[in-house]
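The values are calculated or read from the model by the stated rules, or taken from the named source; none is laboratory data. Note that the structure is a prediction, hence the values are computed from the model and not measured. Methodologically, a virtual Cβ is constructed for each residue, glycine included, from the backbone with ideal geometry; neighbour enumeration extends over all protein chains shown. Ligands, DNA and RNA are excluded from the accessible area calculation, which covers all protein heavy atoms including side chains. Shrake-Rupley method; radii C 1.70, N 1.55, O 1.52, S 1.80 Å.
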Amino acid sequence: MRCWFGGRVGTCTAVLAGAVIAAVVFSSVWAQPAAAPPPETLLPANAAVYLGFDGSNAHWESFKKTAAYEALYESGLADVGMKVVGWALARGGPQAEVIGAAVRSVLDNGLSVAFTAGEPGSQPAPWAAVVAHRNAALREPVAAMLKSAAQGAFDFQVVERSGRSILLGTHRANPALTIGLWTEGPHLVLVGGFNAVESGLKVATGAAPNITSDGLWAKVRQQRGFEVTTACWLNLETLAKQFGPMPLPLPPRPNSGAPVTVADVLRALRVDNVRSITTAMGYKGKAIWTETTIDVPGEKRGLLALLGERPLSESDFPPLPAGASSLLVSRLDWSRGASEVLEIVRSVAGIASPDGEQQFERQLRSLNDALQFDLKTELFGALGDVTAFYGDPNAGLFGLGIGLAISVRNAQTLRQTVDVITQHIAQAGGPNLVVDTSKRRGRMVTSLQFTGTPFTVAYTVDSDWFVLGLSPQAVEAFLLRKDGKLPRWEMSEEVRQAVLEVPQGYSAISISDPRPTIQAMIGMAPFLINVVRAALATPNNLRGAPVPPRAPAVELPISPADIPPAELVTRPLFANVSVRTVSEDGIRWVSRTSLPAIPLLPSVGGGGSVAAVGVLTALLLPAVQQARQAARRTASKNNLKQLGLAMHNFHEVYRHFPQGTVPNAQLPPHKRLSWVVPMLPFLDRARLFEQIDRNAAWDAPANQRFARMGIEPLWNPGMPDSTRFTRDGFATTHYVGIAGVGKDAATLPVGHKRAGVFGYDRKLRIRDVLDGTSNTIAITEASKVGPWAQGGPVTIRALTTKPYING
């Protein structure tokens, strides 16, 4: 499969993830190339949301020039990954394989999605169009999926309109809500929403403008100095125009009595001047290039006010640790940001209730009084506008030395405020929190250790910096670097050259090197493969003597020898650089990457990479568990087959199926032996059957030793080991017989319409099973378990509560 998404997805992440999921419905086979209208000509104008992914086929030659291609494909690492993906899909069954083929096809050929709120100036009538590029061959499978997903809410019919054969779905309760599916050349088109089919056809036939007439189209698709492969936008200005006048279910404004509208809420959130968010991704030489822009002219308000506008230089950086391969340094205006957040809360409170603003002011005063300082001026106002988040390869277990440094505007005020905050934390933590303060390098360093946790959070307020670390050593090392006693980070020539390629005058910069992470991952890959192998092969622990695994062996498709050398993968890679610039027109992020770095943790030498690998391992284990669970499900089905075969073999010998309890008129059903006992010879347990006293109660002294013996086919591998024995030590069964429907089902005579296969004294023959034994449930898995030897409700169950699932 040839595919690559370059750069940081940024704003497109949610849209792109949803589009890939939607793509499963639209493609699963290869389509033959044909003369095709450009997919964008099938998308509506005035689109509030747009995603266009061209498909890897369209840009494969450019991708082959990138460092990512050399690292992943020429090294053979991509082939290893595809083997694992193919193996996982194959184990998921035919449906999973179809889904895999669908994703492959959409990644190869592309997908376009657009959502519009309707015609400008009219009542909102939202509808969406999805175009799966070159997937017309899937019309019939997708049609079947649509009908199934609609669950009767839509009436479907095939109609001929505008020279197209369309599967039209009309909502039964609201006929204006329609779904349409048709082919446009080699493309598959799906529309849905209010009057979606009519509107979609107007676009497809040229009777209505398409998305290329949007001003944003040229912005994300124009020549930008790099080859665009994926573009998306969120047009907030369009949404505000369409939905802004819409009233909300809130009390009217106290003074005017006017309803509260969507536009009022946008103003309260201080985002009413944000026009759009756009992202374009693609290739530029060896780099993966991403540009994201927030179009917000003039004053930046709300949370955007936090983003400082002053340019940042290397001299503004705090003394970062030498060797740090991951860092983020940004202008952040904490004082203005805090003011904006407080204003947002005040405005929202005013909308929520008539005296909301007054209540907020009272609560804010009460909070400041309780804290013994003013949040706005004595905390955020004392902070400067440079913030750095970095990884320290020299501090912390396994390199987990993560640090935070914020420049200080008023050190004395901030120090007093932070000390008060520490006192409040200490009071709240009680005896579970140990606070220690010591003088290190002429400054006071405070450590907070919660009992039972592996980390000690430490901080200090220097004359220039507030520093927070996951260990006192990380904080002390920062002070040593500031004093010139330890070397500090300097921009390498490689990074310096990369910075020259991105926009200058930046107010934030992120630098991350993916190579240490990749090296650690590949170095640990053989170990992880062996761990997964052991997890897939290890049987559940059983009480007593070792028992062979019940689940069939699950073999991985790769071995440690398949992993390429780390140097081969990392050789073409280089450091990733991203910058943010703020101007009168908006805010812009530009990224130049070789491979996207793992965003969960900084790549701090080998240690941070090990931590990232640990995170990946944690993500991998659920998949391993799913594979094991699939194997256990198969093993449980095999147990049921074995029990069913034993039932029929019993019938061949005795001309009837076993009774629900071993006949014994002297004992009530719950004291008798269960139907499992006469089945033992047919489960390869003839010796056990001969030793049981079948005239005594199941828990009689003569039978207790045998009732404590576990019987493998009676244990569901998917159930916890703790359910295999009762507290008294009796072995259980995870499978029970079906008595029928109703509380008296076990006592009903043969032939009764509510009688099941098992009754306390009922002898059922094959000819009595009128629906046929292949259509009748005799034995099922159970979640409420009991001793296998005990008769009565423990081992046969009546269905009494609809929908007749009683554990």
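By how many degrees, 0 to 90 and rounded to 10, does the Cα axis of helix 514-537 deviate from the longest principal axis of the chain?
It works out to around 10 degrees.
From Cα pairs below 8 angstrom and at least 6 apart in sequence, can you work out the relative contact order of the chain, rounded to a whole percent?
Relative CO of the chain lands at 11 percent.
Give, in nm to one decimal, the length gained when the segment between Thr422 and Ala88 is fully stretched (0.36 nm per residue of separation minus the Cα-Cα distance).
Once the chain is fully extended between Thr422 and Ala88, it gains 115.3 nm.
Can you give me the accessible area per residue for segment 57-187, using a 1.4 Å probe, in Å²?
Here the residues of segment 57-187 average 46 Å² of exposed surface.
Carbon-plus-sulfur fraction of the accessible area of the chain, 1.4 Å probe, in percent?
57 percent
So how tilted is helix 196-205 from the main axis of the chain? Cα-based, degrees 0 to 90, rounded to 10.
The angle comes out near 60 degrees.
Assuming a ≥ b ≥ c are the square roots of the Cα gyration tensor eigenvalues, decide whether segment 647-776 counts as rounded (a/c under 1.5), prolate (otherwise, with a/b larger than b/c) or oblate.
In terms of gyration-tensor shape, prolate.
So which trypsin sites (Lys or Arg not before Pro) in segment 122-223 pass both tests, a DSSP loop state and at most 16 other Cβ atoms within 10 Å of the Cβ?
Arg172
Using a 1.4 angstrom probe with every protein chain in place, what is the largest-first accessible-area order of Val457, Val418? Before the final figure, lay out the partial values.
Details: Val457 55, Val418 15 Å².
In descending accessible area the options line up as Val457, Val418.
Taking the 0 to 90 degree range and rounding to the nearest ten, how far is the long axis of helix 411-429 tilted relative to the main principal axis of the chain, both from C-alpha atoms?
Taking Cα atoms only, the helix is inclined about 20 degrees.
Using only Cα atoms, figure out Rg for the chain and give it as a multiple of 2.2 N^0.38 Å.
1.22
Assign unit charges at the C-beta atoms only (+1 for Lys and Arg, -1 for Asp and Glu), then state the dipole size of segment 392-473 relative to its Cα centre in Debye, rounded to the nearest 20.
In debye, rounded to 20, segment 392-473 gives about 180.
At 222 nm, what helix-only mean residue ellipticity would the chain give, in deg cm²/dmol to the nearest 500, using -39500 (n - 2.57) for each DSSP H run of four or more?
The per-residue figure over the chain is -10000 deg cm²/dmol.
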